[in-house]
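Input: a single structure, listed below in structure tokens.
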């Protein structure tokens, strides 16, 4: 079924008011939204804790009631990540290079980073650019057409450059996320 965007919105809107249960759910979500808005003004921790508890309750209830579907979804996500890593299309590889470029520029321009953080960032990001250069040279020398995915997958060097670059970027982004969580937790525990 191919519906346009506005047809999809119309269908959702029509279904949202089709029964009393749906109207009650809309009212609950409007009330939760209003709680969040009022909490911006009054900054009560109890409201935030209540809403976090409520969200956690809904998520845990969903996982318990629909545990088979949940684990199937997690398995599918893991499968897509593996496919992305091992069979990454060239546009995604170019996106990897853009993300690495953005991260490198941010690292160079941010004054709040320590020297150790900058050295680790340079150590992880520079090999990505080397591998990208190697990938471009290999594609040129081996006459690989970048729009033909099968020709890239048949060249071991080109495919290795893509896969190693993806792995390094995952490590870099994972370390950035871990650093963020560490500083976030440190700031919250100290205060």
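Here are a few things to note about the model shown:
- Gaussian network model of the chain, springs between alpha carbon atoms under 10 Å - residue of 101, 121, 56 with greatest fluctuation: 56
- Stokes-Einstein D for the range 139-191, Kirkwood Rh over Cα pairs, 25 °C, 0.890 mPa s (µm²/s): 178 µm²/s
- Annotation for the range 95-148 versus the range 154-173: alpha-carbon center distance of 11 Å.
- Report summary: the helix-based calculation at 222 nm, which adds -39500 (n - 2.57) for every DSSP H run with n ≥ 4 and divides by the residues of the chain, gives -29500 deg cm²/dmol.
- Expressed in Å, the radius of gyration and Dmax of the Cα atoms of the range 2-96 are 19.6, 50.
- For the range 8-62, radius of gyration divided by Kirkwood radius, i.e. Rg to Rh on alpha-carbons: 1.09
- Largest first, the three principal axis extents of the alpha carbons in the chain are 66, 53, 32 Å in whole numbers.
- Between residue 50 and residue 116, the distance separating the two model label sites (each 7 Å from Cα on the Cα→Cβ line) works out to 4.3 nm.
- Candidates 132, 123, 17: whichever shows maximal mean-square fluctuation once the chain is modelled as a Gaussian network with Cα springs under 10 Å: 17
- For the range 68-163, the calculated P(r) over all alpha carbon pairs, in 5 Å bins from 0 to the bin holding the longest distance, is 2, 12, 18, 17, 14, 13, 12, 8, 4, 0 percent.
- Approximate spin-label separation residue 14-residue 183, in nm, with each point projected 7 Å along Cα-to-Cβ: 5.0 nm
No value in this document is a laboratory result; all are computed from the given coordinates. What you see is a predicted model; the values in this text were computed from it and never measured. We place every Cβ from the backbone using ideal geometry, glycine too, and count neighbours over all the protein chains shown.
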